[in-house]
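Below: one structure, written as structure tokens.
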Amino acid sequence: MRAAPGAAAALLLWALLVPAGALRAQGTDEIRLEDIEKEIARTVERPYHLGGFLEFQPTLFGLDRDAAFYRLQFFDRDEGATAAQYDLRLRLEGSYRKDIFSLFVRADALTTQGDLDSESRIDLLEGFGSLKPVPGLALDAGKKVVKWGKGYAWNPVAFIDRPKNPEDPELALEGFYLVAGEAIRSFDGPLKTVAFTAIALPVDRDVNEDFGETDHLNVAAKLYALLFDTDLDVMVFTGGSRTTRFGVDFARNILTNFEVHGEWALIRDVEQAPINERGQAMRRVSDVMSYLVGIRYLTERETTFIVEYYHNGPGFTGGQMEDFFRFVEAGDAAFRSTGNTTAIRRAITLAEGAYGRPNPMRSYFYARASQKEPFDILYFTPALTTIVNVEDRSFVVIPELIYSPVTNLELRFRAAALVGEPRTEYGEKQNDYRLELRVRYYF
Amino acid sequence: MTTIALLAIALLLAASPAAALDGADILRKVDANLQPESFESYRKLIDVQPSGARREFLLWTLKKGKDKIAALFLEPASEKGRATLRLGDNMWLYIPGVGKPIRITNLQSVTGSVFNNADIMRLDYHTEYDVRTIEEQAGAYFLDLRAKTTAVAYDRLKMWVDRKTLLPTRIECYAATGLLIKTLYFKEPKPFDDGRLRPAILETDSPLYKGYRSYMVYARIKKRVVPDEVFTLDFLPRIETMR
């Protein structure tokens, strides 16, 4: 039964790599101007676009059977030392434009088959219409990702976006249903651009129900300026679904190859409810700050370094997280000795909330180094990423190889090793390591 | 008598093109002959590997004035929708679905080509370079150009300009260390949408990438002036609506 996805993977790889040889054989230095002109004329005349990619991703998880999150997930069964998973994803993107109106849709069809989980689903990631009467004025309505913030791995000022996965921050996100108006003005002088964005985001039982408290109309606004070659944003969010919050961000190239960026957010009336080791919650409401500072640096040898420090204001302290892990241990011990699932089930509920979020603690360090085309291998980029939990010194290391042997085919191999002592974030994750291959063909 | 002598000298000077044009004038004319100050264009980037394998990118570009340029990738599918924006020394890359536009540098290459971002989003040469010396050579002017600021991609350019057409035929690009980074060859002049003769093919090779060649093939260059607001970060995700 487990062999079938592997065979499918081999078949898919073969199907994708065969055209590679064919294309290589075609390679000549001939430039035919007439052919290129005809090709461009065809592209120019099309008012629509349909494209996307087909992706196959087998993943092998090395499970940590002593870890808290393993015990929460599989407290009443043993899943062994490893688990395999096979994801097949079809991403479709389409756009159409006529005069001042345009339409954009991005959707995923995903099938997951694996030892731990199997599911199939279709997700509309984005789907919105735009009216643009003049270039400086636009109105969008529909499901959209807003993309606020300058950070690479985290965006504390992205008040109306879903959080990125810091281990893979370039993955497309799912948007929320909203109406957004945008006005842009350009100037000569040190202030080159000013842009204002206003957003209305309704939340009820059927629309954006996972955003926050239902039956509210939330509003958000952002003012952007390009001033003295520095990107600056000021943003605000208010409404009943989430508490009011304010933010600023900036990005600037200090040198042509050295960029600095930062974000700061003040979140009002944040409710925090950490538990003690007996599972008793201590509710507290306060204003908290989150911020991020980072750099992006490109060397002469085309190595790119991205380094960021992230302070997650609403996150748990090391002590609070340790208490949670102790509570899980106690709940697991109680289940094993008496069969009583009360405590472990409460811990599972907590893990589905704030304790189970990616990076639930206060301070993180992110570093990524990627080398473009080393050893003269064209379209090959190896990279090494690490995320360190600064408080408990646990971390994940992610070596990665990306290669595009032919146009529109991308292969990515990744490993992730999660390292940490007991009762630390990465030490208590469900997996010790992860190996994944992603084969993506764009069309 | 003195008046006649001065008039004769003036006429002689006017008859000699080298004397009539100084380096800065020639460079301005080269810029005007290569592309209008504000335009849209379609071009293809072709990267050829030593094995002969090639990879092609189709770009649509908008430029306005001295320092505003935006480029949108139309093909291949893996790059479709990527857009770059340049405002003076500031450059950004927008990747659909990823996030806000990120700042990039002019020496990077968003395509993996011998052409870097500064080549793909080139401003007029006279905007970024001063002419240090000019020499007359057989059928050509030789211009020695120095970057006006350290933010410019190449510290020094050696430019050979055809005397009849005032179009460049070859440009060597050097780093501040004196290292030759690449050579650009301007080929196949043809009349474009406004009737002007311009090189349709820009070829490059580099001692840093031995055996690799890249071509920039212009199929359309058309005068077009769009509002300044098009060249802004917030507009970048919508840039295709201007096509």
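Nothing in this text is a laboratory measurement; each read-out follows from the coordinates by a stated rule. In this text the structure is predicted, and so the values were computed from the model without any measurement. Here Cβ is always computed from backbone atoms with ideal geometry, including for glycine, and neighbour counts include all displayed protein chains.
For this structure, a couple of remarks:
- Each Lys and Arg contributes +1 and each Asp and Glu -1, all at the Cβ; summed about the Cα centre of the protein assembly as shown, the dipole is approximately 1340 debye.
- Likely footprinting exposure, A:Arg121, B:Arg55, fewest C-beta neighbours within 10 Å first: A:Arg121, B:Arg55
- Helical content alone sets the calculated 222 nm signal of chain A at -5500 deg cm²/dmol, taking -39,500 (n - 2.57) per DSSP H segment of four or more residues and averaging over every residue.
- If R0 equals 22 Å, the separation of the Cβ atoms of B:Arg243 and B:Leu197 corresponds to a calculated FRET efficiency of about 0.30.
- Global geometry of chain A, whether rounded, prolate or oblate, following the gyration tensor of its Cα atoms and the 1.5 cut on a/c: oblate
- Inter-label distance for A:Leu191 and B:Lys66, nm, one decimal - labels placed 7 Å from Cα along Cα-to-Cβ: 2.2 nm
- Considering only A:Asn218, A:Asn257, A:Asn389, the mean-square fluctuation computed in a Gaussian network model of chain A, springs between alpha carbons under 10 angstrom, is largest for A:Asn257.
- Remark: the A:Ser370-A:Arg77 segment gains 101.5 nm on full extension, using 0.36 nm per residue and subtracting the alpha carbon distance.
- Here A:His216, B:His126 are placed in order of increasing Cβ neighbour count within 10 Å, fewest first, which gives A:His216, B:His126.
- Relative contact order computed over segment A:259-386 (Cα-Cα under 8 Å; 6+ residues apart), in percent: 22 percent
- Tensor-based shape of segment A:119-173 (alpha-carbon gyration tensor, a/c under 1.5 rounded, otherwise prolate or oblate): oblate
- Extension gain, A:Leu223 back to A:Val134 (0.36 nm per residue minus Cα-Cα distance, nm): 30.1 nm
- Taking a sphere under 13 Å around the Cβ of A:Leu298 and counting the other residues whose Cβ falls inside, with K and R at +1 and D and E at -1, yields a net charge of +2.
- The label point for A:Thr317 and the one for A:Ile122, both projected 7 Å from the Cα toward the Cβ, are 5.0 nm apart.
- Linear extension gain, A:Glu352 paired with A:Phe258, 0.36 nm per residue minus alpha-carbon span: 29.9 nm
- Amide H to amide H distances under 5 Å link A:Val270 with A:Ser286, A:Asp287, A:Val288, where only residues 5 or more positions off or on other chains count and H is placed in the peptide plane.
- Highest-fluctuation residue, B:Pro207, B:Pro199, B:Pro227 considered, GNM on chain B with Cα pairs under 10 Å: B:Pro227
- Per-residue mean of C-beta atoms belonging to partner chains within 10 Å, peptide B:147-159: 1
- Applying 1/(1 + (r/R0)^6) with R0 = 25 Å to the Cβ-Cβ distance of B:Glu188 and B:Lys222 gives a FRET efficiency near 0.85.
- Residues listed by number, segment B:133-155, amide nitrogen under 14 Å from B:Thr165 label point at 7 Å toward C-beta: B:140-141
- Selected from B:Leu87, B:Ile120, B:Thr105, residue furthest toward positive end of dipole (segment B:22-242; charges at beta carbon): B:Ile120
- DSSP bridge pairs, chain B: antiparallel proportion in percent, nearest 5: 100 percent
- Cα gyration tensor shape of segment A:189-322, rounded if a/c is under 1.5, else prolate or oblate by comparing a/b with b/c: oblate
- Dipole of segment A:46-442 [Lys/Arg +1, Asp/Glu -1 at C-beta], most positive-end residue of A:Ser118, A:Phe246, A:Gly129: A:Gly129
- Among the listed pairs B:Lys64/B:Lys148; A:Lys132/B:Lys148; B:Lys80/B:Lys158; A:Lys147/B:Lys158; A:Lys150/B:Lys29, those beyond 32 Å (Cα-Cα): A:Lys132/B:Lys148; B:Lys80/B:Lys158; A:Lys147/B:Lys158; A:Lys150/B:Lys29
- With a Förster radius of 60 Å applied to the C-beta separation of B:Asp25 and A:Ala107, the computed FRET efficiency comes to 0.60.
- Relative contact order of chain A, pairs being alpha-carbon contacts under 8 Å that are 6 or more residues apart, as %: 13 percent
- Spacing of the two label points (7 Å from each Cα toward its C-beta) at A:Phe443 and A:Asp35, in nm: 2.4 nm
- Per-residue average of Cβ from other chains inside 10 Å of B:225-237: 6
- Least to most buried among B:Asp47, A:Asp168 (fewest other Cβ within 10 Å first): A:Asp168, B:Asp47
- The GNM of chain A, with springs linking C-alpha atoms under 10 angstrom apart, assigns the highest mean-square fluctuation among A:Glu271, A:Glu428, A:Glu39 to A:Glu39.
- Per-residue ellipticity at 222 nm computed for chain B from its helices equals -4000 deg cm²/dmol, with DSSP H segments shorter than 4 residues left out and the rest contributing -39,500 (n - 2.57).
- Between the listed residues A:Asn312, B:Leu58, A:Ala333, the Cα displaced farthest toward the positive end of the dipole of the protein assembly as shown, a dipole computed from Cβ unit charges relative to the Cα centre, is found at B:Leu58.
- When each of the peptides A:374-386, A:176-188 is scored by how many other beta carbons lie within 10 Å of its residues on average, the order from highest to lowest is A:176-188, A:374-386.
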